[in-house]
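Report on the following structure.
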Amino acid sequence: MSEKMARLSVDGMEDPIELPVYQGSTGPDVVDVRSLVSKGIFTYDPGFVSTAACDSAITYIDGGAGVLLHRGYPIEQLAEHSSFLETCYLLLQGELPAGDELVAFEKEIRYHTMVDEHIHQFFRGFPRNAHPMAMLCGVVGALSAFYHDELDIDNPEHRLVAAHRVIAKMPTLAAMCYKHGIGQPFMYPQNDMGFAENFLHMMFGTPCEPPQVSPTLSKAMDTIFLLHADHEQNASTSTVRLAGSTGSNPYACIASGIAALWGSAHGGANEAVLEMLYEIGDESNIDEYIARAKDKDDPFRLMGFGHRVYKNYDPRATVIRGICDEVLDELGSENDPLFRIARKLEKIALEDEYFIERKLFPNVDFYSGIILKAIGIPTSLFTVIFATGRTPGWIAHWHEMLSDSYRIGRPRQLYKGYTKRDYPTRAG
Ligand code: SDX
């Protein structure tokens, strides 16, 4: 029984509607509005700005304070002390691995990194200049053709195997998207390499030379994956949950998340940030673009700025900016012109009343592209990197939803179309 109640009075109704109010372990209270449909009334919240769509214990964001916790652990501490695979374990299991649990988990993931050889044929059908997100969306959905018949989504063990498979195979498929575009042979994962090291090897290695991956770049790549691992009920995670609520195959659900992530308002922003920095071209042009971002008649927005939830610095952006310094120093490109433009753009925007008033700060996408470009990853593959990092979050939310009682997601609407009218009878 809820301790607090909300009362909704609607003109024309005799008595107010009593609605239970629930409190989470932290964060805003929620008003349970499920009974409203029986009163013939809906809530109205396009974009779900004020809507809690589910219970979850995976990630907590305090947008005003710029706080991001995964199972209670601050993202800054995980970025400093943890690894991507340890964070994957944390998201899936709810606790950090103890004893030899991490070694066992890393081994489990390692032995799922190869993809069925038939998947190689799917790439042959894509044009060479196909966008990597188009390829990734297709081949991840195709995984459901290989893992469906024996899959019982109501069996938690089956769900965890699916989770391990999709986390493990995403970097292999991501690298295949890149290799297809440059006409080089696909590289097989190496079982003596770490997750991020293996990814960079599959990206930039060739059968003609022994593996050679920089430990600094592997660490930077691992941290970038970690920083993207989960982010509460964002658009792509909500898409995975909605698809999963119908009982769909988990690989098909992840493919739906990839499709949602692709948009430039979401995960596609990292690619859009680089395109924007290239378009700005020189620090002398920054003021013009800041003016355009503020002009309501101009569709241009400052990509990598603003966030639905963060009205403070995105804590991930702060960590990524620090990695920028390390990677650019390592590569001897500390004077990277794009990084200089980005830093100047950030400084000017954060001093501008328009951005201050709207609490628009750099988000996770603002700096990530600069590192990825410095590592040698093409701009068109940036959102594929985001998807690879976000896969544990997507599949952890899918697993969490199916571990609890859930209903098929089916929102309603405010109907503004014609009311009933008869089909016109034609003369003669
Ligand atoms: C991600 O949800 C998540 O958690 C997402 C994510 C994750 O990890 O999953 O964090 C990853 O998607 C980060 C966001 C990446 N997207 C971008 O960087 C694209 C640029 N940003 C904007 O499109 C926008 O800020 C959004 C989409 C991120 C947020 O949009 P909202 O919450 O719907 O905000 P809004 O569009 O209502 O904007 C509020 C005001 C508006 O001005 P007014 O009408 O009040 O005058 O701020 C303005 C907007 O015009 N505004 C911007 C702006 N972002 C918002 N103006 C200029 N440049 C911008 N980037």
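Suppose the filter is away from the ligand (no atom under 16 Å from the Cβ) and open to solvent by 30 Å² or more (accessible area, probe 1.4 Å); does CYS177 pass it? Steps first, please.
Values: away from the ligand (no atom under 16 Å from the Cβ): yes; open to solvent by 30 Å² or more (accessible area, probe 1.4 Å): no.
No: the conditions fail for CYS177.
Quick grid of which residues meet (1) in a helix (DSSP H, G or I); (2) of a type in the set (Phe, Trp, Tyr); (3) under 20 Å from TYR367 (Cβ atoms); (4) in contact (Cβ under 8 Å) with a residue 24 or more places away in the chain:
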| residue | (1), (2), (3), (4) |
| --- | --- |
| LEU242 | yes, no, no, yes |
| TYR251 | yes, yes, no, yes |
| ILE254 | yes, no, no, yes |
| ILE258 | yes, no, no, yes |
| ALA272 | yes, no, yes, yes |
| ALA291 | yes, no, no, no |
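Given the residues SER238, SER245, SER264, which is the only one that is surrounded by fewer than 20 Cβ atoms within 10 Å (Cβ to Cβ), modelled with pLDDT of 95 or more, under 25 Å from HIS131 (Cβ atoms) and of a type in the set (S, T, N, Q)?
Numbers: SER245 fails: under 25 Å from HIS131 (Cβ atoms); SER264 fails: modelled with pLDDT of 95 or more.
The match here is SER238.
Residues checked against (1) within 11 Å of the chain's Cα centre (by Cα); (2) more than 8 Å from the ligand (Cβ to nearest atom):
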{"position": "SER236", "(1), (2)": "yes, no"}
{"position": "VAL240", "(1), (2)": "yes, yes"}
{"position": "ALA243", "(1), (2)": "no, yes"}
{"position": "THR246", "(1), (2)": "no, yes"}
{"position": "SER264", "(1), (2)": "no, no"}
{"position": "VAL273", "(1), (2)": "no, no"}
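With respect to LYS311, determine if the residue is within 12 Å of the ligand (Cβ to nearest atom) and surrounded by 15 or more Cβ atoms within 10 Å (Cβ to Cβ). It would help to see each step written out before you state the result.
Details: within 12 Å of the ligand (Cβ to nearest atom): yes; surrounded by 15 or more Cβ atoms within 10 Å (Cβ to Cβ): yes.
So LYS311 fits the description; yes.
Of all residues in the range 295-308, which are open to solvent by 30 Å² or more (accessible area, probe 1.4 Å), under 27 Å from the mean Cα position of the chain (by Cα) and more than 6 Å from the ligand (Cβ to nearest atom)?
PRO299
In the range 26-48, which residues are among the acidic types (Asp, Glu) and either under 16 Å from PRO411 (Cα atoms) or open to solvent by 80 Å² or more (accessible area, probe 1.4 Å) (or both)?
Kept after step one, since they are among the acidic types (Asp, Glu), are these residues of the range 26-48: 29, 32, 45.
Of everything in the range 26-48, those that are among the acidic types (Asp, Glu) and either under 16 Å from PRO411 (Cα atoms) or open to solvent by 80 Å² or more (accessible area, probe 1.4 Å) (or both) turn out to be ASP32, ASP45.
For the range 330-346, does any single residue satisfy the condition of being over 27 Å from PRO74 (Cα atoms), at pLDDT below 95 and among the β-branched types (Val, Ile, Thr)?
Yes: one or more hits.
The values are calculated or read from the model by the stated rules, or taken from the named source; none is laboratory data. Keep in mind that what you see is a predicted model, and the values were worked out from it rather than measured. Positions of Cβ are generated from backbone atoms using ideal geometry, with glycine treated the same way; all protein chains shown enter the neighbour counts. Side chains included, ligands, DNA and RNA excluded: accessible areas come from the protein's heavy atoms. Shrake-Rupley method; radii C 1.70, N 1.55, O 1.52, S 1.80 Å.
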